[in-house]
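Notes follow the structure.
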C-alpha cells in the first residue's frame, strides 16, 4: 500500500514512543502536521539508531519556509509615526536597517530591572 498523502499513514511507521513525543510537540499551536513533515519523520526514524526525541521532531517543524503557521504576523506602523521619523525619500531597506539597529541597541542597553 502506498502513502495516500495522509500524515497518519507515515506516522504509523514510527515507534509508539516517537508517536508520544510527536503528540507532546503538537501541543504547540504553531506546529501543524502535514504529509510532508510526517514523511520526513518516518525517514529520519528509519535512519536513526535511537528514537526521535521531542527536540528532533521540533527541528523538523522549524525547517525554514515550511511551517507557515510559525511565521510572525506583519505589524503595521501608523503613518503619523512614519512621517515623524521617516520623511519622504527613505527606502524600505533604509528604514528596516535603521529600525533593526535601534532595536538591537535598545535591547543591549535596556535596564533588566524595568
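Helix 35-47 versus the longest principal axis of the chain: what is the Cα-based angle in degrees, 0 to 90, to the nearest 10?
For helix 35-47, the angle is close to 60 degrees.
Using Cα springs under 10 Å in a Gaussian network model of the chain, which residue among 76, 44, 27 shows the largest mean-square fluctuation?
76
Using helices alone, what [θ] at 222 nm do you get for the chain, with -39,500 (n - 2.57) per DSSP H run of 4 or more residues, divided over all residues and rounded to the nearest 500?
About -16000 deg cm²/dmol.
Defining a contact as two alpha carbons under 8 Å apart and six or more residues distant in sequence, what relative contact order in percent does the range 7-70 show?
43 percent
By how many degrees, between 0 and 90 and to the nearest 10, does the Cα long axis of helix 92-109 differ from the longest principal axis of the chain?
80 degrees
Taking the chain as the reference, fit the longest principal axis to its C-alpha atoms, fit the long axis of helix 16-25 to the helix C-alpha atoms, and give the angle between the two in degrees, 0 to 90, nearest 10.
Computed tilt is about 20 degrees.
Given R₀ = 41 Å, FRET efficiency for residue 92-residue 19 by Cβ-Cβ distance, to 0.05?
The pair residue 92/residue 19 has a calculated efficiency of 0.35.
Mind jotting down the three principal axis lengths of the range 7-70 based on Cα atoms? Whole angstrom, largest first.
Projected onto its principal axes, the Cα set of the range 7-70 covers 29, 19, 19 Å.
Each reported figure results from applying straightforward, stated rules to the coordinates on display, with no laboratory input. Predicted model, so just to flag it, every value in this text is computed and none were measured. Note that we place each Cβ from the backbone using ideal geometry, even for glycine, and neighbour counts take in every protein chain shown.
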